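Heads up: the structure comes next, in structure tokens.
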Amino acid sequence: MEPLGIEVDAPANETVMDAVVAHGFFWPVGCAKNGECTNCAMEVLSGIGRLSAMGRYERQNLLRQRGQRSVEDPRLRLACQARVQGDIVVYKSGVRPDTL
Ligand code: FES
């Protein structure tokens, strides 16, 4: 994952966020990780087809909070909703080692 340059293993169907957090990192959130706030949005640099498909609720909230272009770009996904189904590379600023 970029820009930290870290690599984590994830069980199949774990969310991207949970996989990274399980390895001791903080991921910015603004809701109960239920797809509502879109603060966790990430850019998928590669492997977009190895993530679970975008659900209606994720799409609705991206559209409502980030505008039409956000749903036209398939690389933008919510890390609390997108589930890992293979190797991917994502970019998210604000992810950092959770030292608290
Ligand atoms: S943490 Fe709120 S939408 Fe993902």
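Just one of (1) part of a helix (DSSP H, G or I); (2) away from the ligand (no atom under 16 Å from the Cβ); (3) at pLDDT below 95 trips up L100, so point out which.
With (1) part of a helix (DSSP H, G or I); (2) away from the ligand (no atom under 16 Å from the Cβ); (3) at pLDDT below 95 applied to L100, the lone miss is (1).
Take the residues in the range 35-85 that are within 12 Å of the chain's Cα centre (by Cα) and small (G, A, S), then tell me which one is farthest from the ligand (Cβ to nearest atom).
Looking at residues that are within 12 Å of the chain's Cα centre (by Cα) and small (G, A, S), I get S52.
Go through the range 86-99 and count every residue that is in contact (Cβ under 8 Å) with a residue 60 or more places away in the chain and either farther than 14 Å from V16 by Cα or surrounded by fewer than 16 Cβ atoms within 10 Å (Cβ to Cβ) (or both).
As a first pass, look at the range 86-99 and keep what is in contact (Cβ under 8 Å) with a residue 60 or more places away in the chain: 88-98.
Adding the requirement that they be either farther than 14 Å from V16 by Cα or surrounded by fewer than 16 Cβ atoms within 10 Å (Cβ to Cβ) (or both) leaves 89, 91, 93-94, 96-98.
Looking only at that region, the number is 7.
Suppose we filter A19, A79, A41, A53 for residues that are aliphatic (A, V, I, L, M) and surrounded by fewer than 13 Cβ atoms within 10 Å (Cβ to Cβ); which single one remains? Can you show your working first?
Numbers: A19 fails: surrounded by fewer than 13 Cβ atoms within 10 Å (Cβ to Cβ); A79 fails: surrounded by fewer than 13 Cβ atoms within 10 Å (Cβ to Cβ); A41 fails: surrounded by fewer than 13 Cβ atoms within 10 Å (Cβ to Cβ).
When all the criteria are applied, what remains is A53.
The values are calculated or read from the model by the stated rules, or taken from the named source; none is laboratory data. A quick note: this is a predicted structure, and the numbers were derived from the prediction, not measured. No Cβ is skipped: glycine too gets one built from the backbone with ideal geometry, and neighbour counts run over all protein chains shown.
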